[in-house]
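This report concerns only the one structure given below.
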Amino acid sequence: MHSLKFWGWGVRWLRDSSLWPKRSTTMKRTWVKTTCALQEGQKENFFLWLSEFKIEGAWELDEQTVMVYSREPLPEPPALFVKKWQKEQEEEEEWGEKWREYFKTIRIDEELVIRPPWEKKTRARFDIVIYPAYAFGTGHHPTTEGCLRFIKKYFREGLSFLDLGVGSGILSILALKMGACRVCAVDIDPLAIEEVERNLTLNGIDISKVELLLGDIATVGGEFDFIVANIGPYFHLEYLPKMQRLLTGKGKILLSGFEVQDLPPIEEKIHQVGLTVLDAMVLSSWVSLVCQNS
Ligand SMILES: C[S@@+](CC[C@H](N)C(=O)[O-])C[C@H]1O[C@@H](n2cnc3c(N)ncnc32)[C@H](O)[C@@H]1O
């Protein structure tokens, strides 16, 4: 189940719209917040363990600390994965408040700002609104940030854009605001597709401007000037040949979603399919690469 991996990367809040703080009921529900200090190198295993339980959301506070919200208390996490852990009860209203506190305006650079709908519009040239919900891509994670920075650097008005693993739609929205002539966005998760529609609307973009596909890369046809895939290393290793076939001669492929230790086989694959690395960025050990035909 691929999507589990992404819980470990950032924000995967529950699809339950009751999380949006607009409740009028007098009954306060409670949440259990479990904060876990992870053993080194055990993040993936911890999230696999976590997948056995019904949780409402997980949040990476930093590289080694994860906060999990659930309705029922979690069992004691295995000592092999977790050094220290702490359980607390919170009332729903408190969650609502906290949730808003986590999502503040982020400034990627002078021209690019990402903000939730409840924060004030900025004067940035690209003022992007993302409703933080279930889909990945609020701009907080280093992989999304790396992609946003490289799109800013290499994408140009009038180019076509393919967004593999669109998530919240954040990258496609930037490409559209930069003047993409055509955008195709793909995700295997139906909830992501719904959220892209909501985020397009929040940004005043007509939904019909984006070809939104539920599925994987096999659903995509044609050629694109700019392809982005912020998905795990397994995806790049398997689908780089297909990505290269979808690329126009002078086009660029932006790969992200993997850490420095995953780089060697990916670089080898890049060369195997006739691409070269034009630019690279590492943010908190997460790598983003821009490739082009050799
Ligand atoms: C890390 S998120 C990236 C979201 C957003 N593009 C960003 O950069 O913040 C990866 C997304 O890829 C989707 N995904 C995972 N495997 C996929 C596949 N084989 N084909 C298409 N989408 C996939 C997930 O559902 C998820 O929404």
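The values are calculated or read from the model by the stated rules, or taken from the named source; none is laboratory data. As the structure is a computational prediction, the values presented were derived from the model and not from experiment. All Cβ positions, even for glycine, are placed from backbone atoms using ideal geometry, and neighbour counts span all protein chains on display. These accessible areas exclude ligands, DNA and RNA; they are computed on the full protein's heavy atoms, side chains included. Shrake-Rupley method; radii C 1.70, N 1.55, O 1.52, S 1.80 Å.
Scanning the stretch 168-183 for residues that are within 10 Å of the ligand (Cβ to nearest atom) and among the small types (Gly, Ala, Ser) gives Ser168, Gly169, Ser172. Flag set for Lys153, criterion: among the charged types (D, E, K, R), in a helix (DSSP H, G or I) and open to solvent by 30 Å² or more (accessible area, probe 1.4 Å). Scanning the stretch 184-212 for residues that are near the ligand (Cβ under 9 Å from one of its atoms) and touching a strand residue (DSSP E or B) at 6+ places or on another chain (Cβ under 6 Å) yields Ala185, Val186.
Figure legend. Inter-residue proximity from the stretch 255-281: first residues assigned to a helix (DSSP H, G or I), second residues open to solvent by 60 Å² or more (accessible area, probe 1.4 Å), beta-carbon distance below 6 Å, spacing 6+ or different chains. Indicated pairs: Lys269/Leu237.
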